[in-house]
Amino acid sequence: MTDKKNSIGLKVALGIALALFLGTGFYTSQLYQEKKENEVQLIKEKQLVMNDLSNMAKQYDIAIGENDIANEKLVEAKERIQGLMDSLKVSEANIGSLWKYKQKYLSLQKEMDVLLVENDRLKVENQLLATSLDSTKVRLEERTMFTDSLLVQNTALAEVVETAAVLNTVGLKGYGVIERSSGKLIPTERAKRVDKIRVCYTVAKNRLVQAGDQEFYVQVIGPNNNILGENAQVQFDDQSLNYSVISKFNYENNSLDVCEFVSARGDNDFEKGRYVVNVFNDKELISSNEFSLK
């Protein structure tokens, strides 16, 4: 009788264990499936953002091509979009990263709406002037309107910067240099002759930011999407940033010119192709530009 009870108990225990094993396996399978579906969705979302940026860049190409005299603001905006696309290509597909790029896209979309309206207005005015003025006067008036347009846009940009308690940069440039033993620097576009990449920018004056030591993260991306320089990583909550060099400076409530040098990785030479320069204030991308080496 006791053996029979023990046998029944053993069968019940085995049944419970089997049920728990099957339940755990099913739950684990569900979690794995959900993870894979989320990864697929994030990749799709990343591609959608990339497509939106690509379409925006094409609109700028059309607007730039319609002008006999290129609007520098349109060209600069197109370069910022290209820099953001390059940065997105090498970024990790996670919710935090995609949210950042979507916010940047929305900001660029608003800027594009303003610039294209202004560009259309300039085209109409130029056409009206062309009917009543000779070619010399037309070129003079176009230059005047172009200068006025830049002045209005730069004034508006300065006002926006001053209303935010964060530092920003203007005039970001990157280029190759030959470094002489005397310390003299000679700019060059020939990749084989480049000793270092020089990155220069101006810290915009912002009276809302307290004076003191500040730092930006400078990121130089090579033709093969490799990060040059230190290629070190800094963590911001749920996202990370790879940078080429930390640009440290003392901010004294005035505009400040800053330059940094970035070396190639190891003993490698600089490659031919397009280079992208990004500057981050903490985890926020605040300026981007590009240049080429032949």
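List of remarks:
- Test result for GLU260, in a loop (DSSP other than H, G, I, E, B) and either within 20 Å of ASN289 (Cα to Cα) or touching a residue at least 24 places away in the same chain (Cβ under 8 Å) (or both): no
- Residue check, ASN225 touching a residue at least 12 places away in the same chain (Cβ under 8 Å), more than 16 Å from THR169 (Cα to Cα), assigned by TED's automatic domain parsing to the domain that holds TYR275 and not in a strand (DSSP E or B): yes
- Of all residues in region 171-220, those satisfying the criterion of being in contact (Cβ under 8 Å) with a residue 12 or more places away in the chain, small (Gly, Ala, Ser) and in a loop (DSSP other than H, G, I, E, B) are ALA204, ALA211.
- The residues listed here are ASN242, ASN254, ASN289; of these, the one that is surrounded by fewer than 19 Cβ atoms within 10 Å (Cβ to Cβ) and under 14 Å from ASP86 (Cα atoms) is ASN242.
- Selection within region 259-271 - within 19 Å of LYS173 (Cβ to Cβ), surrounded by fewer than 18 Cβ atoms within 10 Å (Cβ to Cβ) and not small (Gly, Ala, Ser): CYS259, PHE261
- Restricted to region 159-184, and to residues there that are among the hydrophobic types (A, V, I, L, M, F, W, C) and surrounded by fewer than 15 Cβ atoms within 10 Å (Cβ to Cβ), the residue that is modelled with the lowest pLDDT is VAL160.
- Qualifying residue in region 213-232 (condition: of a type outside the set (A, V, I, L, M), over 22 Å from SER87 (Cβ atoms) and surrounded by fewer than 16 Cβ atoms within 10 Å (Cβ to Cβ)): yes
The values are calculated or read from the model by the stated rules, or taken from the named source; none is laboratory data. Since this is a predicted model, take the numbers as computed values, not measurements. We place every Cβ from the backbone using ideal geometry, glycine too, and count neighbours over all the protein chains shown.
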